[in-house]
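Notes follow once the structure below has been shown.
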Amino acid sequence: KIGGVIDYSSRTGREQGIAMEMAVQDFHHLTCSRKLSSSSFFCKRRALISLINVLIIGVCEDQHVALELIGSEEVEAIIGTITPPEATLVNIQCIAAIVNYFRWRKVTVIYQDNNDFITDSVITLLSDSLRVVGSEIDHHLSFPSQSSVSEHNGAIEQELRKLRSNSNRVFILVQSSIRFAISLFEKAKQMCMMEKGYVWIVGDEIASLLDSIDSSALYNMQGVLGFRTSFIDSSKSFRRFKTKFRKHYGTRYAEEEEYSNPSIYALRAYDAAWTIAEAMDKSPANATSKELFKQMLSSNFEGLSGRIRFRNTTLLKHLPTFQVINVVGENTTFGNMTMKELGPIYRPGGVQTVPKGWASFEFDEDKPLKIGVPARGAFNLFVKVSYDQGINGSYVTGFSVEVFEAVVKRLPYRLPYVLVPFYGSYDDMVEQVYIKDLDAAVGDTEIMAYRYQYAEFSQPYLESGLIMVVTAKPDKSKERWVFLETFTRRMWLITIAMHTFIGFVIWLIEHAENPDLTRFGAVLWFSVTVLFFEHRGPLRSNLSRFVLAPWLFAILIISAGFTASLTSMLTISHLQPSVSDIDTLLRTNASVGCNRNSFIVGYLINVLGFKPKNIRKIDSINDYPDAFRNGDIQAAFFVVPHAKVFLAKYCKGFTMTGPTFKLGGSRLAFEFSEAILKVMENGEMPRLEEYLLISNNSCSQSTGVSDGLSSSLGPRPVAGLFFVSGGISAFAFLAATVRLARRHQHFIRAKLNGLRTWKSHPPNK
């Protein structure tokens, strides 16, 4: 006997029952013992145990029943569902791929909870797959799998009403029965959640059964996207199976005769029953369940659902192929994962444009949003609150306000707002957003981890971090030997080596014929005068002139570079920070300054370890130079944007030093973040920042603090001249050596002959 756990109240169970009967009938030898299972877990367990010494096939939602019996004394062998685990993995990855394709960043997941590890693993797998593509599950919605239709309808309506009040509009239905899906989409249609702006995606367990539901159910699912397992439906065996299946199914379930096409679940059930029947046929009549199980694992044939082959009790399957489905009218259209064959996609509401995935906000023009701005910031170049007697009120300007206005223009909806000056600290302003006294805040507010508990931050529009600014003093040690910094060490070594080598080559050529170059001192002085083009002694050899000419040109270029580099170094003062690092400040108990209403006060105390008495709170950017000059502070701490503005305005005598302390991070307040990125991409943000710095730059181009970077000239710009001059000198050296050898050939030959004679007749010891 072959036993199966089948829920005949579901479409999937009815298909599986018909398919298993057909498999046994087609095999001609076996009969099928069927147990009608109720929806009760307890009844299903009793139905299984009554089939002694029989292999059990757990299918679809009944897997947890079979898994419960593993190790039971009553049942010796159990095989799980024939659905390969790779199919579930690939199906989930397909869902994540389509979410990524349309760039939906948040989704709501709806599923039926069987209270088993299978449901949990599918949801976890979906969450991980979405995270890989940069999306996330915004909300989970689970329904019990054993509820009645009436219970489902009441719960569905209640939960959908909650979902409709949220902003997310992308819904994914997984781990669901077709009966639940029909009820869900019926309620969604009634509640206008199948209209423009909504997105519905279904998994394989629903998409594979869409051909088996009536037109009224499909009417409620217009625009639904999903994936279903693809199988070969053009083979003779499948066509023969389909004809017989429709006949059997239509006879037994006449009310569903019009929708009697088999799904992938029927094919898998047929292959499962055939596998066991074939194993029983090949086994002895008195074979035990274990022997039968072993025989079954040796199966290897081409089934209707694909190749049936096992390894280590696991069904081996090639990675399944999924089709993209789109419900349109009374039909479903199909395509591949590239979305090219699918053509135009029909979406809920009949729209062709891609939904954004979230609800568009509609704000009341009579109730504009209250946007808080810091009124007492030390750097009013970012936010400046002024009073206008003409309007008898305040108006707000500054870099941060200009960025905000540029961003609002690029939002996908109109945003009425009013800027409200806030006279407290930055932390207090963020807390006002949390308690809803302010709808949002705009300004040079640093993104800190502890502020996340009060508000969500948009994409930062300027570089973040904390930096130290100190006074700069002349570096006298560098001024003494500044001329040596005009060239790099490598340039100095190459130039000296080349000059020495060329001088030696000229001496080698000239020393025999030119009495002025026979002495070492004369050669050395000649090398020096060449550098200044003051050499007076004539060269008698054309080869010497050939060597010297390109080197004189190289010296001319090198001298020009030396002069330009030295002039630049003498023009720009060599300054060094008066304090090199924070440890020096802490060790000397020095006083430091920062903005009065800033988080920096707490950061200096709690993180960097400064004593509260050594921290001076300063009200305005204009007060910092006086504080440095009077000795009230030895260093000032700014966020990076403030430091850039300060140095642009007071560039003489100040410099940044030490490391940049990274602060916090950034979550995305999605709409504003996307608009900020658009402002950055079209070049408007750099223009605003450039205007901010240039309009406050009081420094001339020829003065300023040295950035510490080497401006020394290296050999690369004159490498070609070195190569040409060196090549000519090497050629001349070889020519002079050969000529010298010919001139003294008699002497060399005599020396060689004497050496050979000594070797032939060594002296007696």
Suppose we keep just the alpha-carbon trace of the stretch 541-612; what are its Rg and Dmax in angstrom? 27.3, 81
Distant-in-sequence amide H partners of F143 (H built 1.01 Å from N, under 5 Å): Y111, Q112, D113
At the level of C-alpha centres, the distance separating the stretch 211-287 and the stretch 380-445, in angstrom, is 64 Å
What is the set of long-range amide H partners of F322 at a cut-off below 5 Å, with H atoms built 1.01 Å from backbone N? S230
Please compute the modelled spin-label separation between A155 and K189, points set 7 Å along Cα→Cβ, answer in nm with one decimal. 2.3 nm
Dipole magnitude of the stretch 369-462, debye to nearest 20 (Cβ charges: Lys/Arg +1, Asp/Glu -1, about Cα centre): 280 debye
Can you bin the stretch 207-275 into rounded, prolate or oblate? Criterion: square roots of the alpha carbon gyration tensor eigenvalues sorted a ≥ b ≥ c, rounded for a/c under 1.5, prolate for a/b above b/c, oblate for the rest. oblate
Using amide H atoms built in the peptide plane, which far-off residues or other-chain residues are under 5 Å from F654 H to H? A472
Compare the peptides 120-133, 11-24 by average per-residue count of other Cβ atoms within 10 angstrom and give them in order, highest first. 11-24, 120-133
Along the stretch 223-239, Karplus-curve 3J(HN,Hα) (6.51, -1.76, 1.60; θ = phi - 60°) to the nearest Hz, with x for Gly and Pro, reads x, 5, 9, x, 9, 9, 5, 8, 9, 6, 10, 10, 6, 5, 4, 5, 4
Of K187/K409; K370/K613; K617/K644, pairs whose Cα-Cα distance is over 29 Å: K187/K409; K370/K613
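Here, each number is a calculation from the coordinates, and none is a lab measurement. Computed from a predicted structure; not experimentally measured. Counting neighbours? That spans all protein chains shown, and the Cβs are built from the backbone with ideal geometry, glycine included.
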